[in-house]
Each structure stands twice: as structure tokens, then as C-alpha cells.
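Structure first, then comments.
The values are calculated or read from the model by the stated rules, or taken from the named source; none is laboratory data. Just so it is clear, the model here is predicted, and its values are computed rather than measured. Positions of Cβ are backbone-derived with ideal geometry, glycine not excepted, and every protein chain shown enters the neighbour counts. We work out accessible area using only protein heavy atoms, side chains counted, and drop any ligands, DNA or RNA first. Shrake-Rupley method; radii C 1.70, N 1.55, O 1.52, S 1.80 Å.
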Amino acid sequence: IYGPKSYQLMCNMEKTESIYWACYELIPEPGSRKWTPQPPMEECRDRLLANLEATSGGRYSPKFTEPIRHTGTLVETTHWLAPAYERFHEGRIVLMGDAAHKTMPFTGQGLNMACEDSLVLATVLAENFDAATGEFRPSTDFDEVFSEYYRIRGEFTKGTQENANRLGQFQ
């Protein structure tokens with residue numbers, strides 16, 4: 001369910017009587033001038049239900065809204081918009097996946113990007129590996145190798161992050 005500056009989802013949990021629902025809402029980061037403390041989770045739930053009612057004209061079935069209304073335990077999980085890094089390494093420490101490019105969860109791209117990162121990193125490392133000796137070539141410049149990994153992945157992952165952030169704003 002998409003709405004102004006929010007995204008809601010709901011699904012049954014397999015082999016249980018539990019229902020999982022979540023509401024992702026775009027809010028400013030703590031410390032920014034626009035940030036205000038979040039209200040209690042019960043108020044967030046009530047605001048979600050009011051938003052569903054207002055944006056749907058009352059078309060949502062009670063099968064959908066009543067489980068939300070009667071949820072006994074509410075848990076807050078915050079996802080901040082992460083900055084795009086200008087590189088993914090420092091010395092021989094290399095970042096991949098969410099550590100390199102955290103992406104909002106509702107686009108479903110995190111695991112995909114982590115797998116692509118591992119393939120690209122393995123490829124650029126293999127290009128400098130001597131299979132006969134089982135070691136990297138003495139001439140290997142790891143700064144160049146890891147910079148090549150970033151050159152291949154950096155712009156793509158920035159674009160994916162930006163697209164996810166745009167989806168989160170529901171323009």
C-alpha cells in the first residue's frame with residue numbers, strides 16, 4: 001500500500017497465527033533541523049489507520065485494518081537514509097553489501113547488490129591472483145584493485161540507493 005510519504009505492508013507469517021505488518025514513513029534524521037521525536041508507537045498505529053482510511057475512502061477491508069488496530073506488541077525499527085560513499089575500501093578493508101551501500105528495505109535490492117558485489121570483488125581479485133603459486137602477484141596494488149571494484153560498483157549502487165530513496169518519498 002503506497003501513500004503520501006509512507007509505505008505499508010502486511011503478510012501472514014507461515015505456520016503461525018501471527019500477522020506481520022510494517023509502516024515505513026519518511027522522517028528527518030535526528031539532529032537535522034526538521035527532526036522531531038517520534039510519538040509513541042500506539043499513536044503511529046492510529047495515524048497509519050487514519051491514513052489508510054483517508055487515502056482509500058474507506059475501501060480497506062476489516063480483514064486488513066482490524067489486525068493492525070488490535071496489535072498487542074508494537075516494535076519500532078528505524079531505517080535511515082545512508083550516504084553514498086566515495087569509495088568502498090580503506091587499506092585492505094573492503095566493504096560489501098549493506099556496509100557499502102545501505103538501501104531502503106522495500107525495494108528488495110540489498111541481497112541482490114551484495115551478491116553482485118561479491119562477484120565483482122572476486123573477479124577483480126582473481127585478475128591479480130597467481131593460481132600456480134596460490135598467492136597474489138607481487139606486483140598487485142590492492143588500492144588499485146579495490147578502486148576498480150568501486151569503479152565498477154559505485155555508480156550503480158548510488159543509483160539504486162537514490163531510486164529507493166525516491167520510492168520512499170512516493171512522489
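Annotations
- Of everything in the stretch 149-171 that is within 23 Å of E86 (Cβ to Cβ) and aliphatic (A, V, I, L, M), the residue that is surrounded by the most Cβ atoms within 10 Å (Cβ to Cβ) is A164.
- Here the stretch 98-117 is the region considered, the condition is being of a type in the set (D, E) and open to solvent by 50 Å² or more (accessible area, probe 1.4 Å), and the residue that is farthest from P83 (Cα to Cα) is E116.
- Within the stretch 103-134, the only residue that satisfies the criterion of being in contact (Cβ under 8 Å) with a residue 24 or more places away in the chain and among the aromatic types (F, W, Y) is F106.
- Subset of the stretch 57-72 [in a helix (DSSP H, G or I) and in contact with a strand residue (DSSP E or B) (Cβ under 9 Å, 6 or more places away or on another chain)]: F64, P67, I68
- Qualifying residue in the stretch 118-126 (condition: in a strand (DSSP E or B) and either farther than 14 Å from A164 by Cβ or open to solvent by less than 60 Å² (accessible area, probe 1.4 Å) (or both)): no
- A114 out of contact with any Ser or Thr (no Cβ under 7 Å at 6 or more places or on another chain) and under 16 Å from D98 (Cβ atoms): yes
- Selected residue (only one of A82, A132 is part of a loop (DSSP other than H, G, I, E, B) and under 27 Å from P40 (Cβ atoms)): A82
- Test: residue in the stretch 150-159 that is of a type in the set (G, A, S), in contact with a Lys or Arg (Cβ under 8 Å, 6 or more places away or on another chain), part of a helix (DSSP H, G or I) and within 18 Å of Q109 (Cβ to Cβ): yes
- Verdict on F146 being open to solvent by 60 Å² or more (accessible area, probe 1.4 Å) and aromatic (F, W, Y): no
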